[in-house]
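What follows is a single structure, written as structure tokens, with notes after it.
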């Protein structure tokens, strides 16, 4: 009762400041306290805090769920588990980039998800967090000339192997988004839509996507007339029109442009 009376003596501004400094385990009790206040603005704060708590619970459940495949691997006796994903299989220009991430058992990073479901700002933020929190990570890049020579599928495998070779320690188990890397003597688990089902694959998708986007931004400065900054090399109308007008660049994949006169 005394706590309820204390709240009633505080301004809305003071209550907002208190909310900002609360620990998560204090939210529920504080929501009940706020509800005892007669002011509508304070009730609104209680509702906002309750919604925030719900979002946090949902996110915590999601993070628990996307550790499922890693946890299954630990149960089977694997110790050093890496998740692999790639970015850039479909574009007409630029490299294909793969990444592998190894986390400590039970790692949870709020917001980590399939890179395609995240804003660019969120990916950039998580890129740094993932590198800091990972036990190990590696990034492999294969350029357009090798893509033309070996085809995109083989070039993707090459990028994935390069990423694994960048690790300080070789994993004993790999979780991979929807493919199996041939010629790699490591136990593998191919997971359909793995970038939204495995935390390490999701993290790898973010590292690969942010790395590749950075490369395409660099190319945009070299070839500004192609619009690489906006489409990242994918086959948009803007890109096709630029090719028709200016021809191809040294970073274009000729094997992807066989039906175009350039």
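Annotations for the structure displayed:
- Nearest 10 degrees, 0 to 90: helix 120-133 Cα axis against the chain principal axis: 90
- Within the listed set 206, 243, 147, the residue fluctuating most in the Gaussian network model of the chain (springs between alpha-carbon atoms under 10 angstrom) is 243.
- Tensor-based shape of the stretch 68-219 (alpha-carbon gyration tensor, a/c under 1.5 rounded, otherwise prolate or oblate): oblate
- Relative contact order, percent, the stretch 125-262 [alpha-carbon distance under 8 Å, six or more residues apart]: 20
- Fully extended contour minus Cα-Cα distance, from residue 12 to residue 218, at 0.36 nm per residue: 69.3 nm
- The stretch 77-143: relative contact order as a whole-number percent, Cα under 8 Å and 6+ apart: 40
- Taking every alpha-carbon pair under 8 Å whose residues sit at least 6 apart, the chain reaches a relative contact order of 22 percent.
- Angle in degrees between helix 237-246 and the longest Cα principal axis of the chain, rounded to the nearest 10: 40
- Helix axis angle, 40-65 relative to the chain longest principal axis, alpha carbon, degrees: 40
- The chain: calculated mean residue ellipticity at 222 nm from DSSP helix runs of at least 4, using -39500 (n - 2.57): -15500 deg cm²/dmol
- Counted residue by residue at 0.36 nm each, then reduced by the alpha carbon distance between them, the extension gain from residue 132 to residue 39 reaches 29.1 nm.
Every number in this text was worked out from the coordinates using simple rules, so none of it is lab data. If you're wondering where the values come from, they're calculated on a predicted model, not measured in any experiment.
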